[in-house]
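These notes concern the structure reproduced below.
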Amino acid sequence: MPDMTSAWQLGTDTYGATRGATAIPDELVEAAQVGNVVRIRDWLWAGGDVDARDSTGRTMLMFAAAAGRCAVVEVLLAAR
């Protein structure tokens with residue numbers, strides 16, 4: 001069971017997502033999963049947050065890695 005007090009003190013929820021952080025738009029989750037490097041890169045160049053998380057604390061990097069999208073993973077890592 002996660003320590004709720006520690007998570008709250010760190011400014012995160014129990015999944016590690018930062019409270020108040022930028023949420024990942026659904027179309028970007030899909031772009032990461034299908035390997036749409038151009039869409040991800042355009043979003044990052046427009047000021048998108050590479051560390052944005054979904055409601056369960058997952059980042060685009062996690063989605064891309066789980067789907068085996070190495071090119072997207074490289075773009076996201078380079079943006080960090």
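The values are calculated or read from the model by the stated rules, or taken from the named source; none is laboratory data. Given the structure is predicted, the values throughout are model-derived calculations rather than measurements. Note: areas computed on protein heavy atoms with side chains; ligands, DNA, RNA excluded. Shrake-Rupley method; radii C 1.70, N 1.55, O 1.52, S 1.80 Å.
Averaged per residue, what accessible surface does region 18-80 expose to a 1.4 Å probe, in Å²?
Numbers: 3680 Å² over 63 residues.
Per residue, region 18-80 has an accessible area of 58 Å².
Starting from 0.36 nm per residue, how many nanometres of slack lie between R80 and S55 once their C-alpha separation is accounted for?
Numbers: separation 25, 0.36 × 25 = 9.00 nm, distance 2.08 nm.
That works out to 6.9 nm of additional length.
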